[in-house]
Every structure is written in C-alpha cells, then in structure tokens.
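Written below as structure tokens is the structure these notes are about.
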Amino acid sequence: MMDKFISIEAIAKRYPGASGGEVAVFENLWLSMARGEFGCVIGHSGCGKTTVLNILAGLDEPSEGAVIVDGQAIEGTSLDRAVIFQSHALLPWRTVLGNVAYAVTSKWRNWDRARVKAHAQKFIDLVGLTGAEHKRPSELSGGMKQRVGIARALSITPKIMLMDEPFSALDALTRGTLQDEVRRICLETGQTAFMITHDVDEAIYLADKIFLMTNGPGAVLAEIVENPLPKDRGRIDLHRHPLYYALRNHIVDFLVSRSKTFTATTPDHDPRNVPTVRPGLSEPTIVSAPSLVEANSTQKIAR
Amino acid sequence: MTFSLRFRAAVVSIALFAAFLGIWHLATRSTATTTAMSPEYAKLMGLTATQGKSAMPGPLDVGVKLWEHLKQPFYDNGPNDKGLGIQLGYSIGRVGLGYLLAVIVAIPLGFLIGMSPLMSKALDPFIQVLKPISPLAWMPLALYTIKDSSISAIFVIFICSVWPMLLNTAFGVAAVRKEWINVARTLEVGTVRRAFTVILPAAAPTILTGMRISIGIAWLVIVAAEMLVGGTGIGYFVWNEWNNLSITNVIIAILLIGVVGMLLDQILARFTRMVTFPE
Ligand SMILES: Nc1ncnc2c1ncn2[C@@H]1O[C@H](COP(=O)(O)OP(=O)(O)OP(=O)(O)O)[C@@H](O)[C@H]1O
Ligand SMILES: [Mg+2]
C-alpha cells in the first residue's frame, strides 16, 4: 500500500457566481503525498493553487470533500502544518527573535523564556540570520524576511510545510540560496513539503512530484510528474542532467498548450486516478495505472 | 549661513507673537479724548469714559494678572474665588474620569464590533443615530436622572469621547491584515491570546488616534458643560469672570485652556508614537 500521509479526497471549492449561480474553482480534486515527499504544484494564475494550499492548511474550508493527514481528517489549522506565506507575514511590531519566539511559545506554552529563546535562536542560526535577532522586519531585506518566515515555520517542528510561492518576490540570487536552504533542511529533517510555484526550474530542483493543474475555472489535476533526477542533484548543474530537458519541456509544454486544452481533449480523465508521468530520454511514458506508481514511489530520504 | 528649519520656524513664531502683542497693545492703549462730564455720571460710566481707557485689557494688564495667578494657583477663598490651579484641576479631573470610563466601554465594545460582523451590523443603527447628538444635548437628561451636576458633566464627557474611540477601535480591529490573523491561526493561538498578541498591537495606532481625537473633544466640551452646570471648573471660572466683567481673567482662562488642551494632545501623541510600528 502506498503510504498516503496527505490525502486530499474529492474536494471542491465553489464561490457564488456573478449571475446568481455558483462558480466552481475546482471540483472533485484528489491528491495524495507520501511522508517525506516534496510536492510542487504548477498551474496558471487563478487556477486554484492557493485555494488548495489554504484548504490543506485549514485556513479555508472546502465546499465538499475532506483532507486526511496522517490518518485523520483535518479540522481547521494545526501546529503540525506550518505555512510559509508568500508575503512573509511577519508581525512588524516584533523583532526577528520575537517573531520566531511567538511561534515557539504557541507550540510549547509552558516553556520558560530562556528555553524559548534558545530554541528560537537555533532556528534563526539555521537560516543564517545570526546577528539580526533584534532587528525589526522593516529593517530587513526581502530575502531576510522570507528567511525569518522559514525559521518561524521550522521552529515548531511541523510534520508538513506548506509554501505558497515563498520565493516569487525575491531576486534570482537570493531565491537560489533559499532554495538550497529549504532543500537541505527538508532532506535533513525528512519534512513533507507542499509548495506552489510558477518557476519550472524551482519545481525541478526541489520537487519529487510535480502536480500539473489545468486552467480554471473548473481546474483539474491533470498529471503528476515524477522527478527522474537523482536525489543528490545540485542546483548549479541541474541543466546538465540528461533528463533535465525532457522534464522541463514536458512541464513547459503543459503550461503553454495542454493546460488550456486538457479538459476538452481528455474527456475520460479520472480525477481519482490521475496519471503519473516520468519523463524519460525518449518520449515521456505514462507509468500510471496506480499499481505501477506504487512500484515507482521509493521515497526513502537520503540522510 | 543657513539655520535649521526648526530654528527659522522658531524665529518666525516669536516675531509673529511679538507683532500680535504689539498690535494688541496699540489697539487697547488709552485714547486721550476725555469728555467733560459731571462727577456722578463719570463714576457711573467707569474708567472707560473718564480716562479714555479701553475696556479691553492690554497685554501688560493680562501679563501682570497672569503673574498674580501663577504665584498663587491653589488658594481657596470660598465658592466664587478659587485659584486657577484648583479650577483647572476640577476640569482635568472630570475630563479624566469621563474619558477613562469611555475608554473602558469603547475599546472592548470596539473590539467586539470589529471582530464580529453580526454585532457590527446590529449596533450600526444605534451608533449612527447617537453619534451626531451634541454632547450638551444630553445635559438636561443627565441632570434629571443623575441629579448631581458634577457627575452629569462627567457623563457628558463620557458620551462625547466614546464615539471616536469606539469607531476607530472597531475600524482598526476589522482592518487588521488577514495574513497576521492567519499566522495566529496556523499557530493555533486561542481567541483571547490572539486578541492581545496580534489584533491589539496591529490596531493600536488606529485606536490611539481615536483616543487622541476623543481627548480633544472632551476638553472642548468640558468648558461648555461647566458653564452650564456651574460650581467649579475652568468653564465655570470663565462664566463667573464674565459676570464680574473681568475680561483680563477671561483672557487668562482662555490662554490656559489652550495650553492644557495642547498638553493633553501631546501626551496622547506620544503614546501613539510608542505603539506605531514601521512596516
Ligand atoms: N473570495 C473569493 N470569492 C470569489 N472567488 C474567489 C475568491 N477567492 C478566490 N476566488 C477565485 O478562485 C480562483 C482561484 O484562486 P487562487 O487564489 O487559488 O488562485 P491561484 O492559483 O493561487 O492563483 P495565483 O497563481 O495567481 O496565486 C480564482 O479564479 C479567484 O477568482
Ligand atoms: Mg496563489
């Protein structure tokens, strides 16, 4: 049996439409991830990625369906699921240390000050912000703010990290550094991570599985792309890997053309059994038929 | 040579003040046209007619009188003759008490309205109707029900300072950035802790702005209220001195009302700066 650590089951999200009726952002969406996996969602703007993530975080409720994490249907937010927000969402009246400590005291309410501080400091050091503990968010650069957000999310040692375009507002250099850090931390701690991105290379570098969503409204999860690149891939020589272009082209093709036409050209698409694709040297082959997926999903973390 | 803007502004301020004093002095100095009249009539008419002296005191008269008051601010010679310090003390005490009551009521209520769309909608019609009522219009009702003039004045202060605080608190609380609330939610922070650790600090600058508006209004209203209820306070002092035809004292009282009002505003401004955070 495939270990379904996260299982999104038949969720739908509808909003009241302009002319009385309801508009569905997506209907009957199924998605699952194993423990320790890194999943990236890619899709065009407005297709409902943030909505999925917010439902997973418990910040939003699906109109229908359920989300099951670690064998239990989720109800609202939880300290087990940390969110790294796109806009970093730091509390501006608190210092770096204060922001991280706020999360720490929220998780461990009876810890004394010294213990909270030491714990928070550990994670501030981890993201490379040693020395900036007493700065306020307004005195930090965009990249530093995002690091505080990462430190805050990690400090509560969550089971799952949820990231909504965490690096999209950063310059390429900072983005690269933070990608390295997130990847290192996730591999070291065996984090399960779910991330939204618009950056194909970011997805290829970080993700084990890439979820491709078609355009909304009425978006569907079209395909799950397995990353054929080795676990010990480096960001710098990513593009030298023989499978890199096959993978990249597959994703870009989807974004450029198939995301628009998918629903029309694939009438027998089964949202419960989304095909899993593993781009190879020749044409990408569908390895799906869920039994095959199980054989392929060897998500053991290199420690 | 260039001086700082601050210095140049101070020079202009002092020059304007000197000019004002000069014009005031010239306008009120004695004019030498004294008409001959019978001594009895002259006695009746007072100095104005006999010596050509203006009834309006000049800056020097006011200065001398002010110095007298400042030397002895707290004397008490019965109900109609108290030091200015005592009168101001009464007024500040009333404003402080009414204002404090307003804070106690307005801020929790504002929180409730800001956090609950239901309460916001339900209370809106009441607020819309009650807010534009002049605080002094409440005075007869307050006097009738409370039967104590001093407490009625406090009630009027309460009523007039409650609205800006209530509306600003409700607005500040409702406008707290969703992402900050979401941070608290993902950290499973309870409602009470969330109110104190996220909503209060986020809304504090808006709340303090409301409090600053309120203290200004309260200080405006106390003078009028005390003129109505009488007894003690700077408002009563003004009215009493008007009845005594002591324009000098009235001018001094006006000056002091202005200074105290400025100080109250500055105190609140300082608090506002303390809770404001840069983004
Ligand atoms: N409160 C709302 N009322 C009505 N429609 C909404 C509401 N919130 C979101 N939507 C709609 O839901 C759809 C999905 O929104 P969502 O924010 O999930 O998109 P997204 O995929 O994250 O886009 P982006 O990449 O631009 O962030 C959008 O078409 C949006 O118009
Ligand atoms: Mg989004």
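A single entry from A:225, A:200 fulfils the requirement of being away from ligand 2 (no atom under 15 Å from the Cβ) and crowded, with 24+ Cβ neighbours inside 10 Å: A:225.
In the condition set (1) within 15 Å of ligand 1 (Cβ to nearest atom); (2) closer than 24 Å to residue A:167 by Cβ, residue A:82 is compliant with all but (1). Return yes when residue A:208 is of a type in the set (Asp, Glu), in contact (Cβ under 8 Å) with a residue 24 or more places away in the chain, within 16 Å of ligand 1 (Cβ to nearest atom) and out of contact with any Cys (no Cβ under 8 Å at 6 or more places or on another chain) and no when it is not. No; evaluated as a whole, the condition is false for this residue. State yes or no: is residue A:152 open to solvent by less than 50 Å² (accessible area, probe 1.4 Å) and in contact with a Gly (Cβ under 8 Å, 6 or more places away or on another chain)? No, not satisfied. Taken across the stretch A:35-56, residues that are within 14 Å of chain B (Cβ to nearest Cβ), away from ligand 2 (no atom under 16 Å from the Cβ) and not in a strand (DSSP E or B) do not occur at all. Residue under question is residue B:157, and the condition is that it be in a helix (DSSP H, G or I), surrounded by fewer than 22 Cβ atoms within 10 Å (Cβ to Cβ) and not aromatic (Phe, Trp, Tyr); does it hold? Spelling it out, it is not the case that residue B:157 is in a helix (DSSP H, G or I), surrounded by fewer than 22 Cβ atoms within 10 Å (Cβ to Cβ) and not aromatic (Phe, Trp, Tyr).
For the stretch A:25-34, the tally of residues that are over 24 Å from residue A:187 (Cα atoms) and either more than 12 Å from ligand 2 (Cβ to nearest atom) or in contact with a Cys (Cβ under 7 Å, 6 or more places away or on another chain) (or both) stands at 5.
Which members of the stretch A:75-87 meet the condition of being more than 15 Å from ligand 2 (Cβ to nearest atom) and open to solvent by 40 Å² or more (accessible area, probe 1.4 Å)? Can you show your working first?
Residues of the stretch A:75-87 that are more than 15 Å from ligand 2 (Cβ to nearest atom), as a first pass: A:75-82.
If the condition is that a residue be more than 15 Å from ligand 2 (Cβ to nearest atom) and open to solvent by 40 Å² or more (accessible area, probe 1.4 Å), then A:75, A:80 are the ones that fit.
Which of the residues belonging to the stretch A:83-105 are at the interface with chain B (Cβ under 8 Å from one of its Cβ atoms) and part of a strand (DSSP E or B)? Hit for the stretch A:83-105 is A:83, nothing else.
Within the stretch A:58-66, is even one residue of a type in the set (Ser, Thr, Tyr) and under 13 Å from the mean Cα position of the chain (by Cα)?
Step one: of the stretch A:58-66, the residues of a type in the set (Ser, Thr, Tyr) are A:63.
When the remaining residues are screened for being under 13 Å from the mean Cα position of the chain (by Cα), the result is none.
Scanning the stretch A:58-66, I find no residue that is of a type in the set (Ser, Thr, Tyr) and under 13 Å from the mean Cα position of the chain (by Cα), so the answer is no.
Scanning the stretch B:183-223 for residues that are among the polar types (S, T, N, Q), open to solvent by less than 20 Å² (accessible area, probe 1.4 Å) and within 12 Å of chain A (Cβ to nearest Cβ) yields a count of 1.
Condition check for residue A:161 on (1) in contact with a helix residue (DSSP H, G or I) (Cβ under 7 Å, 6 or more places away or on another chain); (2) under 23 Å from residue A:31 (Cβ atoms); (3) away from ligand 1 (no atom under 14 Å from the Cβ); (4) more than 14 Å from every other protein chain (Cβ to nearest Cβ): one failure, at (4). Any idea which residue in the stretch A:3-53 is farthest from ligand 1 (Cβ to nearest atom), counting only those that are over 13 Å from residue A:217 (Cβ atoms), acidic (Asp, Glu) and over 14 Å from the mean Cα position of the chain (by Cα)? Out of the qualifying residues, it is A:3.
Quick one: how many residues across the stretch A:118-134 are surrounded by fewer than 14 Cβ atoms within 10 Å (Cβ to Cβ) and not in a helix (DSSP H, G or I)? Qualifying residue count for the region: 3.
Do we find that residue A:178 is within 14 Å of ligand 1 (Cβ to nearest atom), away from every other protein chain (no Cβ under 14 Å) and open to solvent by less than 10 Å² (accessible area, probe 1.4 Å) in this structure? For residue A:178, the condition - within 14 Å of ligand 1 (Cβ to nearest atom), away from every other protein chain (no Cβ under 14 Å) and open to solvent by less than 10 Å² (accessible area, probe 1.4 Å) - is not met.
Could you go through the stretch A:96-117 and let me know if any residue there is in contact with a strand residue (DSSP E or B) (Cβ under 6 Å, 6 or more places away or on another chain), open to solvent by 10 Å² or more (accessible area, probe 1.4 Å) and touching a residue at least 24 places away in the same chain (Cβ under 8 Å).
The first filter runs over the stretch A:96-117 and keeps only residues in contact with a strand residue (DSSP E or B) (Cβ under 6 Å, 6 or more places away or on another chain), leaving none.
No, the stretch A:96-117 contains no residue that is in contact with a strand residue (DSSP E or B) (Cβ under 6 Å, 6 or more places away or on another chain), open to solvent by 10 Å² or more (accessible area, probe 1.4 Å) and touching a residue at least 24 places away in the same chain (Cβ under 8 Å).
Please verify whether residue A:18 is part of a loop (DSSP other than H, G, I, E, B), within 16 Å of ligand 2 (Cβ to nearest atom) and small (Gly, Ala, Ser), treating the condition exactly as stated. Criteria not met by residue A:18.
The values are calculated or read from the model by the stated rules, or taken from the named source; none is laboratory data. Keep in mind the model is a prediction, meaning the values are calculated, not measured. Cβ sites come from the backbone with ideal geometry, for glycine too, and all protein chains shown count toward neighbours. Quick note on the areas: whole protein, heavy atoms, side chains included, nothing else; ligands and nucleic acids left out. Shrake-Rupley method; radii C 1.70, N 1.55, O 1.52, S 1.80 Å.
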